[in-house]
Amino acid sequence: MVVLSALWMPIVVSAVFVFIVLVLIHAVLGWHKGDMAAVPGEDKVMETLRGLNVQPGDYRFPYGRTVKDMTTPEFEAKMKAGPVGNMSILPSGDMNMGKLFGQWFVYSLLIAVLAAYITGRTHALGAPYLEVFRVSGAVTFCCYVVAHWQNWIWWGKSTRFTITYSLDGIIYALVTGATFGWLWPK
């Protein structure tokens with residue numbers, strides 16, 4: 001067993017490496033450009049939503065609060081007529097990329113701490129690279145990837161979106177596993 005405080009170096013370095021990979025994937029490779037599309041009649045849709053004073057939040061349409069609500073003939077007719085969807089409304093204004101990058105880095109640190117904790121509880125000082133890589137990489141994979149699948153199943157995220165973000169997560173897991181294996185204390 002390795003205490004968490006002895007793993008600060010792989011935690012921080014892996015989070016930095018994952019951050020660099022995130023920037024490369026999104027800014028250089030650009031494979032996420034096709035993940036979403038513009039809604040037809042975007043200007044009209046935005047004008048309508050502004051006119052309705054839709055506040056930031058997550059919405060589902062048609063909406064039924066309970067199973068009983070969702071089994072009424074009126075609800076079923078709305079489902080058949082469509083459109084059916086989920087919608088997230090963000091606050092108006094410019095995207096604060098500094099804040100988003102900061103949140104991502106803290107998120108990556110948290111994932112690295114979880115990977116460090118589990119790997120540290122299952123491996124001793126001087127554990128072989130590959131054993132450390134496997135455990136820390138598997139934990140990291142679960143953290144970055146698995147939630148995308150439930151969003152695909154339950155909330156209608158596209159298969160393309162799910163696959164591309166899963167590929168990102170696999171890369172983050174490989175980077176984190178390699179970093180932990182490389183910097184594991186002797």
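If you go through segment 140-153 one residue at a time, how many are under 22 Å from H123 (Cα atoms) and open to solvent by less than 10 Å² (accessible area, probe 1.4 Å)?
Matching residues across segment 140-153 total 1.
Check off (1) within 28 Å of the chain's Cα centre (by Cα); (2) outside any strand (DSSP E or B) for F75 and give me the number that stays unchecked.
(1)
When you go through G137, G181, G156 one by one, which is the residue that is crowded, with 16+ Cβ neighbours inside 10 Å and either among the basic types (K, R) or closer than 30 Å to K33 by Cβ (or both)?
Values: G181 fails: either among the basic types (K, R) or closer than 30 Å to K33 by Cβ (or both); G156 fails: crowded, with 16+ Cβ neighbours inside 10 Å.
Criteria check complete, one pass: G137.
Which condition breaks for G64 when tested against (1) part of a loop (DSSP other than H, G, I, E, B); (2) surrounded by 11 or more Cβ atoms within 10 Å (Cβ to Cβ); (3) in contact with a strand residue (DSSP E or B) (Cβ under 8 Å, 6 or more places away or on another chain)?
G64 satisfies all of (1) part of a loop (DSSP other than H, G, I, E, B); (2) surrounded by 11 or more Cβ atoms within 10 Å (Cβ to Cβ); (3) in contact with a strand residue (DSSP E or B) (Cβ under 8 Å, 6 or more places away or on another chain) except (3).
Within segment 11-33, identify whether any single residue is within 23 Å of G156 (Cβ to Cβ), in a loop (DSSP other than H, G, I, E, B) and without any contact (Cβ under 8 Å) to a residue 60 or more places away in the chain, and answer yes or no.
Yes, some residue in segment 11-33 is within 23 Å of G156 (Cβ to Cβ), in a loop (DSSP other than H, G, I, E, B) and without any contact (Cβ under 8 Å) to a residue 60 or more places away in the chain.
Within segment 135-148, how many residues are out of contact with any helix residue (DSSP H, G or I) (no Cβ under 7 Å at 6 or more places or on another chain) and modelled with pLDDT of 95 or more? Working first, answer last.
The initial filter retains those residues of segment 135-148 that are out of contact with any helix residue (DSSP H, G or I) (no Cβ under 7 Å at 6 or more places or on another chain), namely 138, 142, 146-147.
Subsequent filtering for residues that are modelled with pLDDT of 95 or more retains 138, 142.
The number of residues fulfilling the criteria is 2.
Considering only residues that are part of a loop (DSSP other than H, G, I, E, B), surrounded by 12 or more Cβ atoms within 10 Å (Cβ to Cβ) and in contact (Cβ under 8 Å) with a residue 24 or more places away in the chain, which ones fall in segment 34-61?
Selection gives D35, V54.
Can you find, within segment 165-174, the residue that is farthest from V21 (Cα to Cα) among those that are surrounded by 18 or more Cβ atoms within 10 Å (Cβ to Cβ) and not charged (D, E, K, R)?
Here the answer is Y165.
Given the criterion within 15 Å of the chain's Cα centre (by Cα) and at pLDDT 95 or above, identify the matching residue among Y129, Y172.
Answer to the selection: Y172.
To keep it simple, each residue is scored yes or no on (1) closer than 30 Å to A115 by Cβ; (2) at pLDDT below 95.
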position	(1), (2)
M9	yes, no
K44	no, no
L49	no, yes
R60	no, yes
D94	no, yes
M97	yes, yes
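The values are calculated or read from the model by the stated rules, or taken from the named source; none is laboratory data. All values derive from a computational prediction rather than experimental measurement. For neighbour counting, all protein chains shown are included, and Cβ atoms are generated from backbone atoms with ideal geometry for every residue, glycine included. We work out accessible area using only protein heavy atoms, side chains counted, and drop any ligands, DNA or RNA first. Shrake-Rupley method; radii C 1.70, N 1.55, O 1.52, S 1.80 Å.
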